[in-house]
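Enquirer: This is the structure, below, for whatever I ask next.
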Amino acid sequence: MTSLLEVRDLHKRYGETEVLKGVSLALERGQSKVVMGPSGTGKSTLLRCINHLNPPDAGTVLLDGEELTARNLNAMRQQIGFVFQDFNLFTHLRALDNVRIGPMKILGTDRKAATELAMTELDRVGLADKADSYPAELSGGQQQRVSIARALAMQPKVILFDEPTSALDPELTGEVVSVMKQLAADGMTMLVVSHELGFARSAADEIVFMDGGHIVEQGPPDRLFTAPEHERTRSFLQVIAAHDHQGDGGTA
Ligand SMILES: Nc1ncnc2c1ncn2[C@@H]1O[C@H](COP(=O)(O)OP(=O)(O)OP(=O)(O)O)[C@@H](O)[C@H]1O
Ligand SMILES: [Mg+2]
């Protein structure tokens, strides 16, 4: 069977710097994978190349067996949700409008249906009562949950998350992680760049460790966290674990 998302041999360079040196991975339907690795190693670049926010120099991305190309890019991108570290909400729009604008403007959903859909997704992230609030009136954790609802409202096949909790105070991380865990349990296919061990240990099917533009190793959290094969993975995980034990229970 075809994978839901398949990335084959992606290469990307910025000027002299070769950032992705041939990255391949596959996500099956309903799988969650967490990408970890040192800063500057190409994790964000990988996500941005997957939906061609930054077009890769070489390699292919297939969604449900169909290759992303310049011609089908808009249609394909609609099926790939993206949740950013800094939320990226429209500050002049209420939560409800942030969530329904995509279906209305991009998918042509009528206002009534888009409103119902948006309310369903806001409810799913526990924010139905904040539909009329502007982003500035919401906490960081609430803003990130609105941005997850916004991604969900497009009914994507997969959602890419780039460090969704790293801009949040530790006490707000948990509410976002619990929404993400619920999505994973509901069968959403998710590729998550995060050093959040709470999510990685309990909701990820696999951990992907990247370093220097390569995938060094990947495997189920049980194995990767307890018996990594590579020294680079081991030393990185020690740094993450040390952060995690600094009393905040989960951010890194
Ligand atoms: N638009 C760009 N133009 C030039 N260089 C870039 C650009 N985006 C990223 N880079 C460089 O590519 C490398 C990888 O960056 P990337 O943001 O993918 O790393 P990362 O693994 O996400 O790091 P972090 O953990 O800090 O978010 C870095 O050296 C970065 O400076
Ligand atoms: Mg990054």
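Enquirer: Could you identify the single residue in Gly65, Gly40 that is surrounded by fewer than 17 Cβ atoms within 10 Å (Cβ to Cβ), more than 16 Å from ligand 2 (Cβ to nearest atom) and not hydrophobic (A, V, I, L, M, F, W, C)?
Expert: Criteria check complete, one pass: Gly65.
Enquirer: Please identify the pairs in which a residue from region 162-177 that is closer than 13 Å to Asp244 by Cα has its Cβ atom under 6 Å from the Cβ atom of a residue that is away from ligand 2 (no atom under 16 Å from the Cβ) and modelled with pLDDT under 95, counting only partners at least 6 apart or on another chain.
Expert: Pro170/Asp248; Thr173/Gly250
Enquirer: Of all residues in region 137-151, which are touching a residue at least 40 places away in the same chain (Cβ under 8 Å) and either assigned to a loop (DSSP other than H, G, I, E, B) or within 16 Å of ligand 1 (Cβ to nearest atom) (or both)?
Expert: Leu138, the sole residue that qualifies.
Enquirer: When you go through (1) at pLDDT 95 or above; (2) buried (at least 21 other Cβ atoms within 10 Å of the Cβ) one by one for Gln218, which number turns out not to apply?
Expert: With respect to (1) at pLDDT 95 or above; (2) buried (at least 21 other Cβ atoms within 10 Å of the Cβ), Gln218 is out only on (2).
Enquirer: Quick check on region 218-230. Is at least one of its residues assigned to a helix (DSSP H, G or I), among the aliphatic types (A, V, I, L, M) and in the same structural domain as Val23 (by TED's automatic domain parsing)?
Expert: Within region 218-230, one or more residues are assigned to a helix (DSSP H, G or I), among the aliphatic types (A, V, I, L, M) and in the same structural domain as Val23 (by TED's automatic domain parsing).
Enquirer: With (1) touching a Phe, Trp or Tyr at 6+ places or on another chain (Cβ under 9 Å); (2) more than 11 Å from ligand 1 (Cβ to nearest atom); (3) at positive phi as the list, and Gly37 as the residue in question, which single condition is left unmet?
Expert: (2)
Enquirer: Output the residues belonging to region 152-166 that are more than 11 Å from ligand 2 (Cβ to nearest atom) and in a loop (DSSP other than H, G, I, E, B).
Expert: Within region 152-166, Met154, Gln155, Pro156, Lys157, Pro164, Thr165 meet the criteria.
Enquirer: Among the residues of region 85-123, count how many are touching a residue at least 60 places away in the same chain (Cβ under 8 Å) and surrounded by fewer than 18 Cβ atoms within 10 Å (Cβ to Cβ).
Expert: Within region 85-123, residues that are touching a residue at least 60 places away in the same chain (Cβ under 8 Å) and surrounded by fewer than 18 Cβ atoms within 10 Å (Cβ to Cβ) number 2.
Enquirer: Working only within region 48-62, note down all residues that are closer than 17 Å to Ile215 by Cβ and more than 8 Å from ligand 1 (Cβ to nearest atom).
Expert: Cys49, Ile50, Pro56, Ala58, Gly59, Thr60, Val61
Enquirer: Within region 54-77, track down each residue that is in contact (Cβ under 8 Å) with a residue 60 or more places away in the chain and either outside the structural domain of Gly15 (by TED's automatic domain parsing) or aliphatic (A, V, I, L, M) (or both).
Expert: Hits for region 54-77 are Leu62, Leu63.
Enquirer: When you check Glu175 against the structure, is it at negative phi, more than 12 Å from ligand 1 (Cβ to nearest atom) and surrounded by 23 or more Cβ atoms within 10 Å (Cβ to Cβ), yes or no?
Expert: The answer is no for Glu175.
Enquirer: Considering only region 124-133, state which residues are part of a loop (DSSP other than H, G, I, E, B), surrounded by 13 or more Cβ atoms within 10 Å (Cβ to Cβ) and of a type outside the set (Val, Ile, Thr).
Expert: Gly126, Leu127, Ala131, Ser133 - these are the residues of region 124-133 that are part of a loop (DSSP other than H, G, I, E, B), surrounded by 13 or more Cβ atoms within 10 Å (Cβ to Cβ) and of a type outside the set (Val, Ile, Thr).
Enquirer: Right, next: Restricting to region 69-84, give me the number of residues that are crowded, with 21+ Cβ neighbours inside 10 Å and away from ligand 1 (no atom under 16 Å from the Cβ).
Expert: Final tally of qualifying residues: 2.
The values are calculated or read from the model by the stated rules, or taken from the named source; none is laboratory data. All values reported here derive from a predicted model rather than from experimental measurement. Counting neighbours? That spans all protein chains shown, and the Cβs are built from the backbone with ideal geometry, glycine included.
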